Structures are given as structure tokens and as C-alpha cells.
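Only one structure is covered here, and it is reproduced in the block below.
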Amino acid sequence: MNAATKPALLACLLVMAACVRPVPQPAPPVVDPYASVGGGAVFQGDLAGGVLAAEATAQYFQTAIGDTVLFPANQTTLTPEARAVLANQAAWLGRHGTFTAVVQGHAEETGTREYNLALGARRASAVQEYLVAQGVAPGRIRTLSFGKERPAETCSDEACYAKNRRAVTVVTQSGPGA
Amino acid sequence: MFRRLILAPAILIAASAVLLPAGPLQAQDAPLRIEITDGVIEPMTIAIPAFHGDAEIAARVRQVVADDLTGTGLFREIPAEAHLAQPASFSEAVSYEDWRAVNAQGLVAAEVTQAGDNISVRFRLFDVVSGQPQGDGMQFDARASDWRRAAHKIADQIYARLTGEKPYFDSRVAFVQETGPKNARIKRIGVMDYDGANILWMTDSSSLVLAPKFSPDGQRLLYTSYDSGFPQIRIMDVSTVSSRPLTQDDGAMAFAPTFSPDGRWVAYSREQGGNSDIWLMDGATGAQRALTSAPSIETSPSFSPDGQRIVFESDRSGAPQLYIMGLDGGEPTRISFGDGRYGTPVWSPKGDMIAFTKQIGERFHIGVMRTDGSGEKMLTESFLDEGPTWAPNGRVVMFTRVTPGGTGQPRLHSVDVTGRNMRPLDLDFAASDPSWGPLLP
């Protein structure tokens, strides 16, 4: 949780109704003090497509939601930690319906190239299935495997392998508007 | 007797243009013979005095012949400084006593002449021990630019006559060049002579490419490419360096392709919903069907030389093991039972052996076993060895060896099927995923 969400949560505690999650509030109308001739510029409301929120970016997804889940050696089942991250990913995708996702599966360098491609595909698919079970439309998620071709870390011991056995969700805004 | 053969001018020649018998010459007694068995430790000694003719090209051809032969580990060259005999011409009678005196068991005499863009190479092989020619003399005519191939042809003849095995020097290897940092590797496919010479690039660096596989005639390559953003199989015509997608299946990843021995079929791994199975495609029509349908990973198919069976890798037992199946469905037979994880099986062109990658603990090996799983033997051991490919005669295996760490790199190595003569290929760049093509006609 970051500092910015705390006031919103406080507001929720005070007014429990309609506070399932923080909703960006429209800014109040403002008057341009320099436009004295002609009565100034008066705010007439938000543009169609909603409020531009910093949350609706691939970068926010990557850094604040968390785009990566890790797997134990030779495993493709999701750990509790991975499921927690994926629940947040699913919620974000639910809030931002114009984004699609590609889940990239990866494996550590030990293991043959071809088996690792298949292993990475299983990991990506495990992520996809979880996101779909959380309500994300299947058509919004594609998977692919990089096997051991794109390690996150390059050392050859468990400290790096543990970070390379991963699935990374990459979101892209596909539709017009926000 | 002297035989004259013309080396086909193009690097790539139609399979019908066969000009050279692939095997050792028939109807020749072979009094001088090195048997390749596990027990051989002493190489045969061979003298290869300076070739006659045009000195510059003759010296280059001689060096390639010598490198081919000594590179097998089966032959040791008697250095020129030790030679007593200095024959004045190619046709001069051999003074066997002089060669016996320097302990040469075999002797190669040759002459290379150049006329414009063409060269002629003539050679004879002598059994110094019994004091007689071994097989016919032969002449190869070639374009001067193909001088290395002419040299490989001579070395192939000598190798075949002295070992009784089919040769492999005049052959090519497809591979992947690797540049850039480990976490953003740039890969491109090349084709080279078996010894690393005459590199031709088949792809640029724009998309990630993996694991090229030669067609049995050496004219096409199958490989996995990410050019669409997703792993799919492409097929490349080597002579025109033009490729097209073989699979383009939204929602199904395709990888690990391999040709059938007749070049008609392509077996590969098709992944859907996280599950990889082996599929078989008719390369001409694109029609395809699944050969396995298991919830486990099935990958790395390789055909038997008769095209009737496929060896592959599956983790249906929990860890990856090797299995053999027919093309008509039916339950695969597991052939690997040792400790560790087995992968990338490749059927020997002789049909008798299967080479594979094996991981035991944190070490990797290239190994071989008979097709029923017996006689398992490790040929190598390192931090990471993988992906064996057979020389066309089934005597040598080439593979990828990767060094560990952030600056770790892959290098191509070869090893004799007996486990001797491990050597890195002489390349000045990192490379992986070798695929050894056929002996060229």
C-alpha cells in the first residue's frame, strides 16, 4: 500500500457505503482568473473516456501491481505468493478493460532448450488460467514461452535461477481512449 | 588404376548429381586399417608430404587434408622435418623403406594444379607397412573457390579406406551464432563447413531464432523463430536464403521441428494451453495430426533412419525421460531408466544408437545408448552440455557446451562416439544448436 491510498481508505472507513475501492473523484469546476473578458473559462466536465489516471499505464502495472511471479525449480504450479500477485493483476485488468496481456513464461538455464520452452509455456499457461478464473476474459490474454532465452538475472547459481523461473505479464493498451 | 571425378561446381547440388560413391571403395583389400573401437588409443601414423603442382594452392589443400585426418584423433601426422624421402614428382615411385624408417604407416601423395578458375587434385594412398598402393588413385576437378571441398573429398577417401567407415569431412553444419549480453542475446542462423570454414548467414539479427535442423538432403533448414512475436516454425531454402512460415497458429506455440529421413514429414512440438505434444506435418500440404496426446510435456522428436519410428522426450513419468513410438499411434516405449533427466534424443544415422543430453545433479552430459536403452555411456561432462547432432557417418557427435556465469557463452564441441577426442570447434564467436547435414555428393 502506498501513501496516496491512505486518505481514500480513511474516507472509506468514515463512509462505508460505495467504498469498495478508491474511485478517482472529478475535480471541482475551476475558473480561469486570466480570462476576465468574456466571463472566463468554466470547467464543463470530464471528457468522454473517463479520468486519466496514473494507474492506467503499463508502467504502473509493472511496478505497483507487480508483473512477475516466481516458480520453484521444475515446478509450474502457482505458489500462494504468486496467487496473491495474480489476484492483484486480475483486479487491475478488471479495472482497465482496454488492456490486453501477454504472459511470458521463462525457465532457468539448466535444462535443455526445448524442454525449457515447454516448461515456460506451462508456467505462462498456469498464470493465464488463474487470471481467467479471476474473471479476466480469456481472449484478452495470450501466452508464449521464452524458455531459457531471456533470463532476468545472468549468474549461474540458485540466487539467479530463482528469479529466472518466472512468468511475466506484459500489458498493452489495445483499444482507443483510456 | 586411376579414377577421375569432377566435383560438382555449386556448393549446393541436386541430390541426383551424385558423382562420388559415398562409401569406401569396393573390391579393394584394405591391408592398412585402423579399427575404431573403445580400445584404440594409439593413432595410426601417416605421412602427408608437400603436395606437388602449384605450390600455393597445393599447400592449402594439403593442410586441410592433414587437419581433417588428424582432427579425428585417429591419425598422427609424421612431421615434414622428419621425412627422409623428398619425391620430385607425383608420379615418382614410392620408396617405402624411407617411409618405414620414419615410422609412417600410411602415405599420401598428391598433386594440385590450377588453370584459371578451376583446379585439379590427384592423390594416391599407400600402405607403407606392406609396401603397396591402397585403393585407386583419384582425381577431383573443382572450381578453385571450392578448393576446401576438394581437400575434404580427398581426406574423406583416405578416412574411408583406412577406417572402413563412411566419411564425413565434406559436410556442413547449421548453427546459431550468439552475440550480446546473456539476458538479451542476439541470435542468427549460419551454415558452415563441418570444420568452421565458409560461413554463410541464413538470417539477420532482427528476431530470436532457435535450433536449425538440416533436411536430409542439406538443402533446407527448419527452425523456430519469434519473428511473429510468438514461437513458430519456419522453413528455409539454403541456396536462395529465403524462408517462409511452416506453422502460423494463433494460440499454439510451435517449436523443436525435425525432418523425416525422406524429407517429406516434419515432426515438431505443438503447445496449446500449456501442454506440449508431438505433431506430424506433411511438409508439402501442411496437413497434420497429433502423435501424442498426453497432459505431460512431449518434445524433441527425432526420426529413426527408416522413418518408421520417433524417439522423443517426455516427462510423463515425473521427470524427462526418452521414449520411442511408431507413427501409427500406440503406447510409446520408455527406453531411459537411469538417474537424472534425459532430453534432446537424436537417432544415429546408422540406426544403432541414440545420443542425448542428460542432467545428473548439477552436471550435464552428452551420452549415447542403444535404441533399446542398453549400453548407456556418457561421452562428456560439464556445467552445461546439450543438443547433440550426429556426423553423417554416425562416428562423431557435435554439441553445445555453455560456460557458467554472467559472461558465460556457448561453444560448439565435438567428440568421438567412443568418448575420445573431445575438441572445441575453431570459431571466433559464440555458437549453439549445431545440426550436422549430410555428406555432400
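Every read-out reported here was derived from the displayed coordinates using simple, explicitly stated rules and does not represent laboratory data. Predicted model, so just to flag it, every value in this text is computed and none were measured. Positions of Cβ are generated from backbone atoms using ideal geometry, with glycine treated the same way; all protein chains shown enter the neighbour counts.
General remarks:
- Residues whose placed amide H lies under 5 Å from that of B:THR344, excluding near-sequence neighbours: B:THR357
- Cα pair distances in the range B:172-439, grouped into 5 Å bins until the bin that holds the longest one, percent each: 1, 6, 14, 18, 20, 19, 14, 7, 1, 0
- Over all other residues within a Cβ to Cβ distance under 14 Å of B:ALA355, the charged ones net out to -1, with Lys and Arg as +1 and Asp and Glu as -1.
- Helix B:147-163 axis, angle to chain B major axis (alpha carbon atoms, nearest 10°): 90
- Signed unit charges on C-beta, dipole axis of chain B, positive-most listed residue B:LEU74, B:VAL108, B:PRO345: B:PRO345
- Percentage relative contact order, chain B, counting C-alpha pairs under 8 Å, at least six apart: 12
- Positive-end ranking of B:ALA391, B:THR203, B:MET192 along the dipole of chain B, with charges on Cβ about the Cα centre, is headed by B:THR203.
- Annotation: amide H of B:ILE235 within the under-5 Å range of B:ARG244, B:LEU246, sequence separation 5 or more or interchain, hydrogens built in the peptide plane.
- Charge dipole (debye, nearest 20) of chain B; +1 at Cβ of Lys and Arg, -1 at Cβ of Asp and Glu: 320
- Between 0 and 90 degrees, the angle of helix B:55-70 with respect to the longest Cα principal axis of chain B falls at about 60 degrees.
- Taking θ as phi - 60° and the Karplus parameters 6.51, -1.76 and 1.60, the scalar couplings of the range B:113-128 work out to 10, 10, 10, x, 8, 10, 10, 10, 10, 10, 8, 9, 10, 10, 8, 5 Hz in sequence order, x denoting glycine and proline.
- Relative contact order (%) - the range A:50-173, alpha-carbon pairs under 8 angstrom, separation at least six: 35
- The range B:150-202 versus the range B:315-358: alpha-carbon centroid distance in Å: 26
- Residues whose amide H falls under 5 Å from that of B:THR203, counting only those 5 or more places apart or on a different chain, are B:ILE189, with hydrogens built in the peptide plane.
- Euclidean distance of C-alpha centroids, the range B:425-441 and the range A:53-103, integer Å: 42
- Our coupling estimate for the range B:310-315, obtained by passing each phi through the Karplus curve with A = 6.51, B = -1.76, C = 1.60 and θ = phi - 60°, is 10, 9, 8, 10, 9, 9 Hz, Gly and Pro reported as x.
- Comparing the range B:112-200 with the 2.2 N^0.38 Å rule of thumb, its C-alpha radius of gyration ratio is 1.49 (two decimals).
- Cut-off 13 Å between beta-carbons: net charge of the residues surrounding B:LEU84, Lys and Arg +1, Asp and Glu -1: -2
- Taking θ as phi - 60° and the Karplus parameters 6.51, -1.76 and 1.60, the scalar couplings of the range A:98-103 work out to 8, 8, 10, 10, 10, 9 Hz in sequence order, x denoting glycine and proline.
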